[in-house]
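Reading through the structure tokens given below for one structure.
The values are calculated or read from the model by the stated rules, or taken from the named source; none is laboratory data. Here the structure is a predicted model, which is why all the values come from computation and not from measurement. Cβ: placed from backbone, ideal geometry, glycine included. Neighbour counts: every protein chain shown.
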Amino acid sequence: MKISFKNNWSVGRFGESLVERDCWRRGWRVLDKNWHYSKYGELDLIASDGQQIIFIEVKTRTSINYGFPIEAINKKKRTKLRTLAKAWLDNNGKTDWPYRIDSFTVLFNGQNPKINHLRAVA
């Protein structure tokens, strides 16, 4: 069965749902999702592996016509992710907790999604 999407937002949310399921399969606890902070933006998923908090940026693409998903995580995006992670920790009283920022990329051709996990991207 082939899945099609109406817009980029629905593509992104689909990728995030796949990654959230992947987190649970890894034994991670999802603490928050789509967390917004003022003008700085959004953290897609926040999880814990029991030892540290993992801030997750999900990049989903239906083709590589405009580049691979990981190419969207440039220096500016990494800086923004660090700012958002620190704001979430501060907002939740966990400023002294260890953390890292990971990315999951999803390449989805309509039938078989390919998920790739990259640790400590920012």
**OP:** Filter segment 87-105 for residues that are part of a strand (DSSP E or B), free of Cβ contacts under 8 Å to residues at least 60 places away in the same chain and touching a Leu at 6+ places or on another chain (Cβ under 8 Å) and give the result.
**Re:** Y99, I101, D102, S103, T105
Original post:
Out of all the residues in segment 74-86, is one or more surrounded by 19 or more Cβ atoms within 10 Å (Cβ to Cβ), out of contact with any helix residue (DSSP H, G or I) (no Cβ under 7 Å at 6 or more places or on another chain) and either more than 20 Å from L43 (Cβ to Cβ) or in contact (Cβ under 8 Å) with a residue 12 or more places away in the chain (or both)?
Top reply: yes
Subject >> Number of positions in segment 23-73 that are surrounded by fewer than 19 Cβ atoms within 10 Å (Cβ to Cβ) and acidic (D, E) >> reply: 4
Original post:
Residue check: is K76 of a type in the set (K, R) and within 24 Å of W24 (Cα to Cα)?
Top reply: no
**OP:** Return yes or no: is R82 modelled with pLDDT of 95 or more and outside any strand (DSSP E or B)?
**Re:** yes
Original post:
Name the pairs: first residue in segment 108-122 and within 14 Å of R21 (Cα to Cα), second residue assigned to a strand (DSSP E or B) and acidic (D, E), Cβ to Cβ under 9 Å, at least 6 apart or on different chains?
Top reply: H117/D102
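So that you can scan it fast, the table gives a plain yes or no per residue for (1) modelled with pLDDT under 95; (2) in contact with a strand residue (DSSP E or B) (Cβ under 8 Å, 6 or more places away or on another chain):
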residue	(1), (2)
F14	yes, yes
G27	no, no
W35	no, yes
L43	no, yes
I46	no, yes
Subject >> Cβ-Cβ under 7 Å pairs, at least 6 apart or on other chains, segment 32-53 side more than 13 Å from L81 (Cα to Cα), far side part of a strand (DSSP E or B) and of a type in the set (K, R) >> reply: A47/R29; S48/R29; Q52/R100
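Tell me which residues, restricted to segment 14-53, are in a helix (DSSP H, G or I) and over 14 Å from I115 (Cβ atoms).
Of the residues in segment 14-53, the ones in a helix (DSSP H, G or I) are 14-25, 38-40.
The answer is S38, K39, Y40.
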